[in-house]
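Have a look at the structure below before the remarks.
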Amino acid sequence: MAKFVGNNDKGSDSRFFTTQKKGEMHELRMELHSTDRNVKVDAVKKVIASMTVGKDVSMLFTDVLNCVQTGNIELKKLVYLYLINYAKTQPELTLLAVNTFVKDASDANPLIRALAVRTMGCIRVDRITEYLCEPLSRALRDEDPYVRKTAAVCVAKLYDIAPELVAERGFLEILHDLISDSNPSVVANGVAALSEIAETSGKDVMKISASVLQKLLAALNECTEWGQVFILDSLAKYTPADGREAEGIIERVTPRLQHANSAVVMSAVKVILSYMELMGSQNSDVIRALTRKLAPPLVTLLNSEPEIQYVALRNINLIVQKRPTILEQEIKVFFCKYNDPIYVKMEKLEIIIKLVSEKNIDQVLLELKEYATEVDVDFVRKAVSAIGRCAVKLERAAERCIGVLLELIQTKVNYVVQESVIVIKDIFRRYPNRYESIIATLCDNLDTLDEPLAKASMIWIIGEYAERIDNADELLDTFLETFEEEDPAVQLQLLSATVKCFLKNPEDTQDMVQRVLDLATEESDNPDLRDRGFIYWRLLSTDPEAAKMVVLGDKPVIEDDTFKLDPSLLNVLIGQIATLSSVYHKPPESFVVRRGAGETNEFDDDDDDDDDEDYEGGGEGEVDLLDMGGLGIADGAGGAQSKERQVPLQKVCGPEKSGGLEISAGFTQRKRKIRLEIEINNISSATEVASLAIQLNKNSFSLSPASQQIVCNPPVAKGSTGRTFCELVINANMMAPPPAAGQPVSPQVQIAIKNMTSGTVFYFAVNCNFEALFSADGAMERSAFIESWKSIDDRSELYGTVSDLPPGAADIESVQKKFLQNNVFFIARRPVPGAEGQEVVYFSMRTVSEMEFLAELTFKQGVNACKVCLKTENTAYGLLAKQALESLLRY
Amino acid sequence: MIQTLFLLSPTGEVLIERHFRGVVTPRSVCDTFWDRASQSVNHHGGLSTTTSILLQDDHYDSITPVMEISSTTGSLLYVISILRDGLSYLAVCPAEVSPLLILEFLHRIADTLVDYFGNPADESTIKENFSTVYQLLEEMMDYGWPLTTEGNALKAMIRPPTVMSKLLATSTSAVSDELPSGTVSNMPWRAAGVHYNQNEIYMDIIEAVDAIVDASGRLVSVDVSGSIQCQSHLSGIPDLLLTFKDPSLIDDCSFHPCVRYARYEHDHVVSFVPPDGNFELMRYRIKRDSVANFTPPIYCHVQWNVASTNEGNDPDDSSKGRIVLQMGLTPSSSLILSASRNKSQALIVEDVAITIPFPKSVRSIANSCSASVGSLIYDEAGKVVQWNLGKLDVTKKPQLTGQFTLNTTSDTATTSMTMAPNLSMSWKIPLASVSGLSVSGLSVQGEKYRPYKGVRNITKSGMFQVRVG
């Protein structure tokens, strides 16, 4: 035993973490079988230690499992811990433990009973679940509350694995009964389980009736803090019948505001705020009294750990928007402390801005000024911006705010100046023509500005107040020198500002405006900039007066609406206080987990993906290749090759992937049957290829093999080439999901082949030749053709020219014949009026999957080319049909 | 609820990993979390408390305790985290959840670990006791829900390691075979059948002053919050009644679940059956107007000067700075002496320490300061100096003087105003109450014995900050 590093470590668990040498598994196995209980316990501990550091100790499964037959609870617990971890990967072996579980579930010791039920619930193996129901049903009625409370949770576990079993066994009803259990912990877990089931199933299993309501309210006083959270959260979802009921419930809930657990407090706040909405205005006294009661607990939350403060502040942010009166007197508690974490400071600032008023603005400004001298850049910037927002919010304090901003600009700290300029622009927009006196100070700091937003803001100010700045044109001129390097936002502002400047003072700025317009319209490739440049240019050249009205017109006054939520969203979020949506300020829908979302068929999403490996990702329609090889009928010899058109086969799979075979494949139609032609070139496979099994993935054409077995007759020996085929049928279940609107379908059909002789499985994809799918009975009546042709929107027409046709291929008669062989049916033919030597021919075709395509081919005498126009309702396949026609023409 | 719980070491290594819902959260979630956390440590380039080894309760600062991380399977996971004793506790939740519940629960786990293994419960502690930690987690959580979280009930099921059990190494089991009675009683917090030969209960009323003092010594804000920490060794099921002299001082309070709130609301008395051992009976906040006249017990005068030395002649632009700090007792502090009624006796101020976070542009702080009393600790990386004075002795006129050199590059064109740091000060005054809240009586009912009762007041600094400049 090399693990005892030194005497100091004796007795501490860290020795289990020391590196283990070779053969440790064997050593562990010996120890697991030891007769000495302590050695055994130690061995299991070591196994679990390895498990926790990510080592695979699953090979010890049976050995560990053997240790479960013990009266020692510690050992049992450790073994159970191990079982839960590996049950998923070793379901067969876990079954061996079932007997132990069932036995333990009726042990005399309640701890063991509970442990057994609990562990069984954690093992998500179907066959274990079957055995779970009986012990679970007993455990739910166990005389010992510890077992009952464990069993309550277990129902939720079972619901996750097999909801139908839960319904069948009536476990939901038993859970409802547990709400009125004599033991508070049982009540809590019962409520938790019900809420969870309600959440995941979307069903109202937690339905609160009058009697349930009373039970819940009674349990609220009794149960554990966590249970109280669950109860309060379900109360928040309940809608009281009237104001009186609401008031009654609120009365029962209010004492929870004094709980030491912040989660209880916040959930109680949620119930009260949600019900307050329902109480209406006739209860204004009650509401006022409640408002007073809510403030102190909310303030108290700010004495908690920073993480809790953060969540509390995000919620308070909502609360002050909904009911500003609650905390209007408490602004001081939101003042930032130096060692608050930055995320708390940022949230506090938001709330300060929401609570700022004429009464406290002086104090707030002192604070914000203080924050602006701190070291954290983001925080400082937010503080500076907050000063600006105060100015925008409170008209009477605007001047004081500007005073503070000017002081801050004097510090010359780069980012403080830049942020100040940005907010001063907003102040100017809010109070036009009131504070221009400070422009001079701003102009002194032009050199400091290097951020696009700050620059753009400054340029806006210069343009807007050009007539009051003596050297406005010079200032703009300096910016123009670097016009091309500037950020687009700055460029746009420069353009507008220069035009403003020109309109106010045309004499001196003629050249400048010309230069800017040139830069914007000719040098720039930013469409926004060019558009704006052209508009200004046209305005200035056609009607300067109109330009003045447009460019120098009054701008809408801004308000401080930053970070203000839409009232309807706010109402929703108030009902969601103490949840993730209230932290993110997003509606609750964004947090709903779609059950089984993880099972989306990846394969379908990337039809265009050439990576054949994806095949393994597998769709539902896919059958495990190993389950194949049923009664395949090797009908018809493979060599039935006629004189008909030979499909060009594509090389689809190299020998490196398929165990030494080179595969070429293509689709064709013979005797009204669609076939996949396969040519096998045995390059290096030692065994003869005699029999193959085939499987298709879902594809755009619903193709599916008629038989999974393909026989190569004669077998393809090494160095030779053989040909075989597989008949295909249309199977609607094999249909791949349609592509995104407007996108053509993928022509690819993904195929898996198992070489039955060698056992190799390989994958490849073949592009489908669409003509192989044209049905032999696709002929159409002339009148039907005309009607369809008219009914299909011209916009879904597909055009193309097929040029460089082989000699004679443009002869209409031969085309007609060729097409007929391939199930493209002739409809009509007529000369084009007024165009000498041109003729149009109409064809129709229908695929075996009942898709119709109408084609109009235009030929010109003496020209080896043809214009193709194709119309279809199945636009996604249009392109394929067109390509099919083209390839038939070329043939 | 919680899908997976991770415990990360201070270097981001996964120490503990528990999956509760049959879904295995990939460890890549931890990697993403750790990347963001370690990025945020220094990403502002400014001083953040995280970088300082001197400031306790460090945090990642700018990463929020609730964050979204998309897992490798593409689904969104919500990671709710806390940082305690250098360890990151991560709860991974797949769906909507009450974040406060999770945070409280994570803190409860951390508290339990401290309770079991002593303070601090850090990396080495976890590694030494990993199987107990696993057993605890197993007992505290089921299917990602809080299961048994009361210390008493837990201890009845899993014995905490003691010196004795360590000596005996592994020969004894850490798990009791008996079902603890606490888990089944209607008072989950109290174990049944407790017996002591010596019945005693101690209460510490600890008040913490959160305050911001500006450069002129004026209070910007002050907030007093208190907690009552108890140590109870009482036999049987004692029913206690605690009464205050002036309960109207209390603005808002929150109680341990054992307290009968209705009784408090009605009579302003605290009636409860205590848990066994250490617990926090209640927390409260003092009404702000009751402490409006508070004056800090000690003052701290700071002189902070920065002057550019070489008028731009030297390309290596720098300025010299000087700090002088003087401490003393405020003669007319409003702190009420509760132990000795003799007001003339000077207050004893203990554990005095001042933390000076220097600006990042200071070149070196090592040995830049000297103090007439106490010791100095330097944290060069965080540019923080901590001055520990211990018990404040005014006769020695404590003073700290320091000189330092600042880099002043053009883009941090700084003035002395923006440079001045905010100091944080800590202190403790035993036997004093800042609010004047005191206990008028503590009676035991339901049991025949007469226990020894000890109640004392302590006032200490909370977040006590002194602004300079």
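The values are calculated or read from the model by the stated rules, or taken from the named source; none is laboratory data. Because the structure is a prediction, the values reported are computed rather than measured. Cβ atoms come from the backbone with ideal geometry, glycine included; neighbour counts cover every protein chain shown.
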Next item on the list: Go through (1) touching a residue at least 60 places away in the same chain (Cβ under 8 Å); (2) over 21 Å from A:GLN650 (Cβ atoms); (3) touching a strand residue (DSSP E or B) at 6+ places or on another chain (Cβ under 8 Å) and name the single condition A:PRO715 misses.
Entry: (1)
Next item on the list: Can you work out which of the residues in segment A:355-390 that are more than 40 Å from the chain's Cα centre (by Cα) and over 21 Å from B:VAL213 (Cβ atoms) is farthest from the other protein chains (Cβ to nearest Cβ)?
Entry: A:GLU358
Next item on the list: Restricting attention to segment B:442-468, report how many residues are on the phi > 0 side of the Ramachandran plot and modelled with pLDDT of 90 or more.
Entry: 0
Next item on the list: Would you please name the residue that is modelled with the lowest pLDDT, looking only at residues in segment A:664-692 that are out of contact with any Lys or Arg (no Cβ under 8 Å at 6 or more places or on another chain) and buried (at least 23 other Cβ atoms within 10 Å of the Cβ)?
Entry: A:VAL689
Next item on the list: State which residue pairs qualify: first residue free of Cβ contacts under 8 Å to residues at least 24 places away in the same chain and inside segment A:784-809, second residue assigned to a loop (DSSP other than H, G, I, E, B) and surrounded by 15 or more Cβ atoms within 10 Å (Cβ to Cβ) in any location, beta carbons under 9 Å apart, and separation of 6 or more residues or different chains.
Entry: A:SER791/A:GLU873; A:GLY808/A:ASN864
Next item on the list: Please work out which one of (1) under 42 Å from the mean Cα position of the chain (by Cα); (2) more than 30 Å from A:ASP518 (Cβ to Cβ) is the condition A:GLU399 fails and give its number.
Entry: (1)
Margin query: Take the conditions at pLDDT below 85 and either within 10 Å of chain B (Cβ to nearest Cβ) or surrounded by fewer than 24 Cβ atoms within 10 Å (Cβ to Cβ) (or both) and apply them to A:SER234. Does it pass?
Written below: no
Item checked: Residue, nearest to B:CYS300 (Cα to Cα), within segment B:361-396, restricted to residues that are under 26 Å from the mean Cα position of the chain (by Cα) and in a loop (DSSP other than H, G, I, E, B) -> B:LEU392
Check: Does B:ILE228 satisfy being in contact with a Leu (Cβ under 6 Å, 6 or more places away or on another chain), modelled with pLDDT of 90 or more, within 22 Å of B:ARG263 (Cα to Cα) and crowded, with 21+ Cβ neighbours inside 10 Å?
Finding: yes
Notebook entry, point to check: Is it the case that some residue within segment A:444-454 is aliphatic (A, V, I, L, M), modelled with pLDDT under 85, out of contact with any strand residue (DSSP E or B) (no Cβ under 8 Å at 6 or more places or on another chain) and part of a helix (DSSP H, G or I)?
Noted result: yes
Notebook entry, point to check: What residue, among those in segment A:298-315 that are touching a Lys or Arg at 6+ places or on another chain (Cβ under 8 Å) and in a helix (DSSP H, G or I), is nearest to the other protein chains (Cβ to nearest Cβ)?
Noted result: A:THR300
Next item on the list: Answer yes or no: is there a residue in segment A:51-64 that is under 22 Å from B:LYS127 (Cα atoms) and more than 35 Å from the chain's Cα centre (by Cα).
Entry: no
Checklist line | Within segment A:835-850, considering residues that are at pLDDT below 85 and among the aliphatic types (A, V, I, L, M), the one surrounded by the most Cβ atoms within 10 Å (Cβ to Cβ) | finding: A:VAL848
Note to self: Let me spell it out: the conditions are (1) more than 10 Å from every other protein chain (Cβ to nearest Cβ); (2) more than 29 Å from the chain's Cα centre (by Cα), and A:LEU318 meets all of them except one. Which number is the exception?
What the structure shows: (2)
Margin query: Among (1) surrounded by fewer than 22 Cβ atoms within 10 Å (Cβ to Cβ); (2) over 16 Å from A:GLU662 (Cα atoms); (3) of a type in the set (S, T, N, Q), there is one condition A:SER700 misses while meeting the rest; what is its number?
Written below: (1)
Notebook entry, point to check: What do you reckon, is A:TYR310 touching a Ser or Thr at 6+ places or on another chain (Cβ under 7 Å), crowded, with 19+ Cβ neighbours inside 10 Å and at pLDDT below 90?
Noted result: no
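Condition check ((1) over 30 Å from A:THR509 (Cα atoms); (2) not assigned by TED's automatic domain parsing to the domain that holds A:VAL516) across all residues:
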position: A:THR373; (1), (2): yes, yes
position: A:LYS382; (1), (2): yes, yes
position: A:ARG396; (1), (2): yes, yes
position: A:GLN410; (1), (2): yes, yes
position: A:VAL421; (1), (2): no, yes
position: A:LEU453; (1), (2): no, no
position: A:SER457; (1), (2): no, no
position: A:TRP460; (1), (2): no, no
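Each row is one residue, and each column tells you yes or no for (1) surrounded by 21 or more Cβ atoms within 10 Å (Cβ to Cβ); (2) outside any helix (DSSP H, G or I).
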residue: A:GLN329; (1), (2): no, yes
residue: A:CYS336; (1), (2): yes, yes
residue: A:GLU347; (1), (2): yes, no
residue: A:GLN363; (1), (2): no, no
residue: A:GLU367; (1), (2): yes, no
residue: A:GLU370; (1), (2): no, no
residue: A:GLU374; (1), (2): no, yes
residue: A:ARG381; (1), (2): no, no
residue: A:VAL384; (1), (2): yes, no
Item checked: Residue list for segment A:103-112, restricted to those being within 12 Å of chain B (Cβ to nearest Cβ), in a helix (DSSP H, G or I) and surrounded by fewer than 21 Cβ atoms within 10 Å (Cβ to Cβ) -> none
Next item on the list: Hey, can you tell me all the residues within segment B:75-99 that are more than 8 Å from chain A (Cβ to nearest Cβ) and out of contact with any strand residue (DSSP E or B) (no Cβ under 9 Å at 6 or more places or on another chain)?
Entry: B:ARG84, B:ASP85, B:GLY86
Check: Could you give every pair whose Cβ atoms fall below 9 Å, whose first residue belongs to segment B:365-390 and is more than 16 Å from B:PRO421 (Cβ to Cβ), and whose second residue is among the acidic types (Asp, Glu) and in a loop (DSSP other than H, G, I, E, B), counting only separations of at least 6 or pairs across chains?
Finding: B:ALA366/B:GLU380; B:VAL373/B:ASP393
Check: Taking only pairs six or more apart or across chains, which ones have beta-carbon atoms under 8 Å, a first residue in segment B:310-328 that is at negative phi, and a second residue that is hydroxyl-bearing (Ser, Thr, Tyr) and modelled with pLDDT under 50?
Finding: B:ASP317/B:SER410
Next item on the list: Quick one: which strands (runs of 3 or more DSSP E) lie wholly within segment B:61-146 and hold at least 3 residues that are under 18 Å from the mean Cα position of the chain (by Cα)?
Entry: B:76-84, B:87-93
Checklist line | Residue selected from segment A:338-354 under the condition within 31 Å of the chain's Cα centre (by Cα) and either at the interface with another protein chain (Cβ under 10 Å from one of its Cβ atoms) or small (Gly, Ala, Ser) (or both), by the criterion farthest from A:ALA386 (Cα to Cα) | finding: A:PRO341
